[in-house]
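Structure first, commentary second.
The values are calculated or read from the model by the stated rules, or taken from the named source; none is laboratory data. As the structure is a computational prediction, the values presented were derived from the model and not from experiment. Note: ideal-geometry Cβ built from the backbone for every residue, glycine included; neighbour counts use all protein chains shown.
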Amino acid sequence: MEATARAHPNIAFIKYWGNRDDHLRIPANSSISMNLDGLSTETTVEWADDIAADYLILNGTAQTGPALERVQRHLDMLRRRLNLSAYARVESTNNFPMGAGIASSASSFAALTVAGVAASGRGDIDERELTRLARLGSGSASRSVPGGFVEWHSGDSHETSYAESMAPENHWALVDVIAVISTAHKAVGSTEGHKSASTSVLQTARVADAALRFEQCKRAILDRDFVTFAEVVERDSNLMHAIMMTSRPPLFYWLPGSLEVMESVRSWRSEGLDVCYTMDAGPNVHCICTQERAAEIETRLRQMTYVVDVRTAGVGGAASVVRVSKR
């Protein structure tokens with residue numbers, strides 16, 4: 001069987017940084033995110049008996065080394081779960097920059113998981129189990145499986161660490177206006193960063209307060225309360241980057257342009273614009289705003305010196321199977 005799946009990256013409002021269990025990618029705290037409509041990864045998986053090894057084509061280029069090895073590890077896990085012995089042909093494309101803080105690994109492993117399961121013909125694996133399986137490839141991939149606004153329960157085991165929608169994509173018309181500061185692939189990826197989070201003396205305090213921030217953010221989303229939402233989202237982003245900067249070795253993802261955008265966003269909000277910022281593990285700044293403010297925010301960002309591009313995305317839906325066929 002061959003199947004193609006499409007998944008969206010997500011932007012976290014309450015961040016995932018650091019694991020209780022690195023092997024199972026069980027996070028140190030629960031998190032909240034929004035899927036990004038219009039940005040996507042599309043992945044085709046074919047389980048084939050006529051090949052002697054997995055192979056991966058990514059954005060038109062055959063892969064070797066770490067990229068292939070990471071996909072192979074995930075395929076090994078899927079083979080065990082699906083009781084398969086065949087190797088896989090995998091072809092994947094992204095319509096947005098990879099490795100630059102726009103959650104390409106989240107959409108990639110969500111799409112790989114959904115396509116791999118669909119190509120196996122197994123119809124007994126539900127969405128909750130798909131989020132668990134995707135989590136094993138990339139923690140934040142669990143949040144790219146359900147649609148809309150998503151909560152990922154940290155749990156304390158494989159069974160209890162899963163993601164689910166807290167509100168559908170039409171619940172609140174938020175837009176992520178992404179100020180692209182750099183499209184370069186970051187030198188240190190999130191997987192390595194999660195492992196070093198515990199070396200920061202601030203991580204314990206961040207995790208201890210995470211449940212409160214989670215509840216504040218969830219309530220603000222359900223109530224469509226932008227004032228509370230903006231405050232907790234910016235605070236949580238700053239806390240995560242404080243951990244990065246104080247880890248050993250330290251991680252500095254902010255660039256001068258990142259700081260310029262963050263400072264501008266706070267100034268714009270003081271003028272009455274409904275906009276706030278958040279950043280993942282990369283230099284690009286996600287400016288979250290209400291739909292009616294998106295065009296103005298995009299115009300302002302495009303006038304800034306360090307901004308090389310601007311991408312906009314509304315609230316996206318769930319990962320989905322685009323097609324399934326027999327070979």
Practice task
Could you please find all residues in region 118-146 being charged (D, E, K, R) and assigned to a helix (DSSP H, G or I)?
Solution key: 127, 128, 129, 132, 135, 143
Handout entry: Qualifying position, being in the same structural domain as residue 29 (by TED's automatic domain parsing) and over 19 Å from the mean Cα position of the chain (by Cα), among 107, 157, 140
Key = 157
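Residues 67, 62, 53: which one is surrounded by fewer than 19 Cβ atoms within 10 Å (Cβ to Cβ), aliphatic (A, V, I, L, M), under 22 Å from residue 190 (Cα atoms) and free of Cβ contacts under 8 Å to residues at least 60 places away in the same chain?
Sole residue among the options that is surrounded by fewer than 19 Cβ atoms within 10 Å (Cβ to Cβ), aliphatic (A, V, I, L, M), under 22 Å from residue 190 (Cα atoms) and free of Cβ contacts under 8 Å to residues at least 60 places away in the same chain: 67.
Looking for something in contact with an Asp or Glu (Cβ under 6 Å, 6 or more places away or on another chain), outside any strand (DSSP E or B) and buried (at least 17 other Cβ atoms within 10 Å of the Cβ) - is there at least one such residue anywhere in region 73-85?
Taking every residue of region 73-85 in turn, at least one turns out to be in contact with an Asp or Glu (Cβ under 6 Å, 6 or more places away or on another chain), outside any strand (DSSP E or B) and buried (at least 17 other Cβ atoms within 10 Å of the Cβ).
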Fill in the blank from the handout: The strands (runs of 3 or more DSSP E) lying wholly within region 220-327 that contain at least 3 residues that are surrounded by fewer than 21 Cβ atoms within 10 Å (Cβ to Cβ) and β-branched (Val, Ile, Thr) are 320-325
